[in-house]
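First the structure, in the form of structure tokens, and then the observations on it.
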Amino acid sequence: MMVEADKLFQEMLEKNVIPNEITYNVMIDGYCRMGNTVRGFELLDEMIEKGLIPDTYTYRPLISGLCSAGRVSEAKDFIDDLQKEGNKLNDICFTTLIDGYCKEGRLGEAISACKEMVEQRIEMDLICYGVLIYGALKQRDQATLSHLLSEMYKRGLKPDKVIYTSMIDADCKLGNITNAFTFLDKMVEEGCVPNVVTYTVLIHGLCMAGFFDKAELLCKEMLAGHSVPNVVTYGCFLDYLTKEGHMERAIELHKAMLKGLLANTVTYNILIRGFCNLGRTHEASQILVEMVDNNISPDCISYSTLIYRYCRSGKLLEAFKLWNLMLNKGTQPDMLAYNFLIYGCCVNGELTKAFELRDDMMRRGVKPNLEEICLELANLQLIWLPRRTLVSEFHGASFGKKCGETGEIM
């Protein structure tokens, strides 16, 4: 879209239609969202040269662009320079910087930025608190979390659905189910109605902790509260059932999901993984066929999960048949898919095919995990080449017959 926007922008200049601050702000925002902060800053310089006055709408996307690129320290320097020049920034600019710090795990610097913000008489709003709470949860800093919540209440602010759900999710991931439900109760007491995301996070936590029956009860409670489960909610149940080996129940649930048009590639992949983990590759392959019949496209994970199981079972021919089917369907293999099949070749003593796959991998621009491949080869003790030679071979000259242009290996 930015190509078209830039063409229109250049057309404006050619026709002597002078862009104003709003035009530049839109262009800067667009480029920064694309990750092109260099062009964003070029446009900032250009608008200043033309006598236009940048404002917080100009600065915010530039700060955000730097933070998104992992250049948070540069974003802070940019803010400092702006303030030295007498530019006034708003809460959104500071919150963007604080969010960048929190995502990098730099909670101390995020809090310092907050203090600087307050010193400039810029009020912290719910969004800013939410960002800091996310940072505290990420660092598992319970003391800071408690302090932030206490400070919020003193200022007359209460956590919203997003903040409560974040706290519930963090507790569930740590296995603190009781504490997660304490937050849920408090949420309801304050009149903050849980949504589908809140319930799904709890259901996932219960399933992960092995409380499947309680997860089912919570799902019923969810329905009673007029919150409709989505594909992610049902996916939590599906994931639990397949991991526990209850494939028949998982299939029944998936059939119900199909009727409700909730099945997708991810849910099918869960079933494929479940059957593969039990060594039931025939049923896994049937699920793959059913998936296509229901107009749901398999992805690389769909194929590579089954390929891996075939390789582990010594069914290399079946693995290659599926591999070639995947390529013919236009699905591009990733590094893991290649590693699985290379592993299968090594186990079965098919070193020539392993190196053919390496060649194909390089030709397709997939960067091989050389260390992993070489360790696999050396550890299996199926080869006579020293490890240094293997590393050299994977880096350089190829072994055996090259793969065809289709990438198929017979």
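Structure notes:
Rundown of residues vs (1) hydrophobic (A, V, I, L, M, F, W, C); (2) without any contact (Cβ under 8 Å) to a residue 60 or more places away in the chain; (3) in a helix (DSSP H, G or I); (4) surrounded by fewer than 21 Cβ atoms within 10 Å (Cβ to Cβ), yes/no style:
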{"residue": "254", "(1), (2), (3), (4)": "no, yes, yes, no"}
{"residue": "263", "(1), (2), (3), (4)": "yes, yes, no, no"}
{"residue": "268", "(1), (2), (3), (4)": "no, yes, yes, no"}
{"residue": "276", "(1), (2), (3), (4)": "yes, yes, yes, no"}
{"residue": "292", "(1), (2), (3), (4)": "yes, yes, yes, yes"}
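Rundown of residues vs (1) among the hydrophobic types (A, V, I, L, M, F, W, C); (2) at pLDDT 95 or above; (3) in contact with a Phe, Trp or Tyr (Cβ under 9 Å, 6 or more places away or on another chain), yes/no style:
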{"site": "161", "(1), (2), (3)": "no, yes, no"}
{"site": "164", "(1), (2), (3)": "no, yes, yes"}
{"site": "167", "(1), (2), (3)": "yes, yes, yes"}
{"site": "179", "(1), (2), (3)": "no, yes, no"}
{"site": "187", "(1), (2), (3)": "yes, yes, yes"}
{"site": "193", "(1), (2), (3)": "yes, no, no"}
{"site": "198", "(1), (2), (3)": "no, yes, yes"}
{"site": "203", "(1), (2), (3)": "yes, yes, yes"}
{"site": "211", "(1), (2), (3)": "yes, yes, no"}
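- Residue 209 vs. criteria in contact with a Gly (Cβ under 7 Å, 6 or more places away or on another chain) and either closer than 23 Å to residue 249 by Cβ or not charged (D, E, K, R) (or both): yes
- Conditions (1) surrounded by fewer than 18 Cβ atoms within 10 Å (Cβ to Cβ); (2) of a type in the set (Asp, Glu); (3) assigned to a helix (DSSP H, G or I): number failed by residue 123: (3)
- Restricting the stretch 275-304 to residues that are polar (S, T, N, Q) and within 24 Å of the chain's Cα centre (by Cα), the residue that is farthest from residue 315 (Cα to Cα): 297
- All conditions in (1) in contact with a Gly (Cβ under 6 Å, 6 or more places away or on another chain); (2) surrounded by fewer than 22 Cβ atoms within 10 Å (Cβ to Cβ); (3) aromatic (Phe, Trp, Tyr) hold for residue 31, with the sole exception of (2).
- Filter result for residue 296 (of a type in the set (A, V, I, L, M), without any contact (Cβ under 8 Å) to a residue 24 or more places away in the chain, in contact with a helix residue (DSSP H, G or I) (Cβ under 7 Å, 6 or more places away or on another chain) and over 25 Å from residue 366 (Cα atoms)): no
- Counted residues, the stretch 37-74 - those being polar (S, T, N, Q) and free of Cβ contacts under 8 Å to residues at least 24 places away in the same chain: 1
- Filtered residues of the stretch 236-252 (kept if in contact (Cβ under 8 Å) with a residue 24 or more places away in the chain and surrounded by 15 or more Cβ atoms within 10 Å (Cβ to Cβ)): 236, 237, 238, 239, 240, 241, 242, 243, 247, 250
- Residue within the stretch 228-246 that is farther than 30 Å from residue 282 by Cα and of a type outside the set (Phe, Trp, Tyr) present: yes
The values are calculated or read from the model by the stated rules, or taken from the named source; none is laboratory data. Fair warning: this is a prediction, and the values are worked out from it, not measured in the lab. No Cβ is skipped: glycine too gets one built from the backbone with ideal geometry, and neighbour counts run over all protein chains shown.
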